[in-house]
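Here's the structure we're looking at; comments come further down.
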Amino acid sequence: MGKEQTGRNQSQRKQVKGVLHEEIGVDRGSGNAGGNCECGVCEREIEESSAFTCHFPADKGFRDCQTEQEELKEDQKETSQFTVPAPIMPMIRYLVALSICAAAYSVCPAFEVTVLPSNPRGGEAVLVSIKGEPDDRYLVTFKGKEYTPFFQKTGAREIYLPLAIDDSGTEKIKIKRLAAETEEAKHVDIAIKERIKKVVQLQVSDEAMRDKEPMVEHQNQSVLETLRYRSDDRLWKKRFRMPLDSPISTSFATHRKGKTYNYYHKGLDFSAPAGTPVKAMNAGKVILSEKDLNVYGNMLVIDHGQGIISCYFHLSKLLKQAGETVQRGEIIGKVGSTGWATGPHLHMGVYVQGQAIDPVWWTNFTADLDEQATITASQSSSSGYRLTSK
Ligand SMILES: [Zn+2]
């Protein structure tokens, strides 16, 4: 390699070093070959043919400039076969930064999680929404149970997780992305507010009725199994509505206490005259339509999909059979007093992944989601709807 080329390499090397010094924030002088160092401290004379980098000021300690020259000469021997022209360096740094970003992206969870609402109470539910790659699979773990979130038309995955009536304090939701090469997880803590429960003393006549017709266990198990049903497709549209407009006589989670009975009321009781039409809370498919069960009387269960179920008990008439699809607000039966009932009323319940939740909260929450979706859709029709924390 000729002298001329070596000299150019030295000059280029100084430029490269200068850039790197700036990056790491070390303030150093530099020298022009054939002059003095410009650091203002060492004033070292620099020979025309020598490479020189000054290490003043002394934040790193004084180093003998001769040693530095020798180190650089050694360095040159190693790198003189291939020296990167200075103008290419910004491009190389860009590519290095890009590959670091790509590596970080592959290590960090490449999905977004939204949990709503931010302040749930016991007996409500939380909606976990996951946005990631279309083909990714996820597993959500909550209170020791594993759930596979459901695919949505928006491309997101969603799962409603039920909170027990007595839940309070902090609970952790784990969202794991199941990819072929790696498994990545995110954790979301939710703070659950304690639900204040109303306590009601069961009347003697109520207890006598229950004693006279004890619960038939296999019927009860069959109904409970239906309430735990989960189907993949989302059948409901928009918010859920109440099945009738009559006043609520017993609210959700009322603690009923008697001599031998002690339990939470896991739905709503509507006081209504016999024969009042009962409407489907939302679109879905009837999965149980049974007559004369000793506890529930004539009853009907609707699957709304993705673990959301509504049920209607003590009816005088069943107007839909199992397997039939129903629309939101369609009349499905008439109020009665069959089964464990001391008078005409409708008992209805909403179940999320097999667990009873507060139907009043559910209708309000799904209405809020509807409103949010409408606002977001009108703001940006191209981005679909995206849930944001209220
Ligand atoms: Zn009831």
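Just so you know, all these numbers are worked out from the coordinates, no wet-lab data involved. This structure is a prediction, so every number in the text was calculated from the model and none was measured. We place every Cβ from the backbone using ideal geometry, glycine too, and count neighbours over all the protein chains shown.
Some observations on this one:
- For the pair region 138-199 and region 307-327, the centres of their Cα atoms are 28 angstrom apart.
- Peptides 247-255, 119-127 ordered by packing proxy, namely the average of other Cβ atoms within 10 Å per residue, highest first: 119-127, 247-255.
- FRET efficiency, 1/(1 + (r/R0)^6) with R0 35 Å, evaluated for Glu225 and Tyr261 via beta carbons: 0.95
- Count Lys and Arg as plus one, Asp and Glu as minus one, and take only other residues whose Cβ is under 9 Å from that of Tyr263; the net charge is then +3.
- Once C-alpha pairs closer than 8 Å and six or more residues apart are averaged by separation and normalised to the residue number of region 199-368, the relative contact order reads 27 percent.
- Take each peptide in 333-342, 349-358, count the other Cβ atoms within 10 Å of every residue, and average; sorted highest first, the result is 349-358, 333-342.
- Modelled FRET efficiency - R0 35 Å, Ile196 with Lys131, Cβ distances, 0.05 increments: 0.50
- Order of Ile159, Ile287 - criterion: other Cβ atoms within 10 Å of each residue's Cβ, fewest first: Ile287, Ile159
- Cross-link table Lys238/Lys334; Lys197/Lys238; Lys259/Lys317, entries beyond 27 Å C-alpha to C-alpha: Lys197/Lys238; Lys259/Lys317
- Simple spin-label estimate for Asp206 and Ser118 gives 3.8 nm between the two label positions (7 Å along the Cα-to-Cβ direction from each Cα).
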